[in-house]
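For reference, the structure is listed below as structure tokens.
The values are calculated or read from the model by the stated rules, or taken from the named source; none is laboratory data. All values derive from a computational prediction rather than experimental measurement. Neighbour counts run over all protein chains shown; Cβ positions are idealised from the backbone, glycine included.
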Amino acid sequence: MRRVQNSTLRFLYPDIKDTMTIPVHHKTPSPVSFWYDPDKRSILYQIGSAGLFALVAWYLVSNTLANLERQSISTGFGFLNKEAAFEIGESLISYSAVDRYGKALFVGVLNTLLVSFAGILLTVILGTFIGIARLSKNWLVKKICRGLY
């Protein structure tokens, strides 16, 4: 049992006593079985998940290396210095089939950046146009633009 000051209740109810007794029951927790404790079980699940992930990763890497060795395929970046022997239709820099794979990769990156920039630019223009048209007082234009967006 502990005693608690009760000035708020005394203000509201003047005839109440200055202190009141509130029973406090201290419940001692019973020991939880190892398998039913959520904290311990969550740690076990995390260890199990990490172990399963490591096992799958080891299997995939070892299987890939064994298959590459069986087919006499080398790994690494040495191929970048070999002749590509293929054409790329459009490029921002000069490229021919006798150039190296490294240059072909660079041409591919530049082409990707060019197409991305053009797509972003067209999307901004179209989005701005549709957004402004949605604010139009013309009923038909407003409904068409709401259907598009």
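At-a-glance table
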| quantity | calculated |
| --- | --- |
| Gly48 vs. criteria small (Gly, Ala, Ser), surrounded by fewer than 11 Cβ atoms within 10 Å (Cβ to Cβ) and not in a loop (DSSP other than H, G, I, E, B) | yes |
| Within segment 52-89, considering residues that are among the aliphatic types (A, V, I, L, M) and at pLDDT below 90, the one surrounded by the most Cβ atoms within 10 Å (Cβ to Cβ) | Ala84 |
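The rows are residues; the columns are (1) surrounded by 11 or more Cβ atoms within 10 Å (Cβ to Cβ); (2) assigned to a strand (DSSP E or B); (3) modelled with pLDDT under 90.
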residue: Ala97; (1), (2), (3): yes, no, yes
residue: Gly102; (1), (2), (3): yes, no, no
residue: Phe106; (1), (2), (3): yes, no, no
residue: Leu110; (1), (2), (3): yes, no, no
residue: Leu114; (1), (2), (3): yes, no, no
residue: Ala118; (1), (2), (3): no, no, no
residue: Leu121; (1), (2), (3): no, no, no
residue: Ile125; (1), (2), (3): no, no, no
residue: Lys142; (1), (2), (3): yes, no, yes
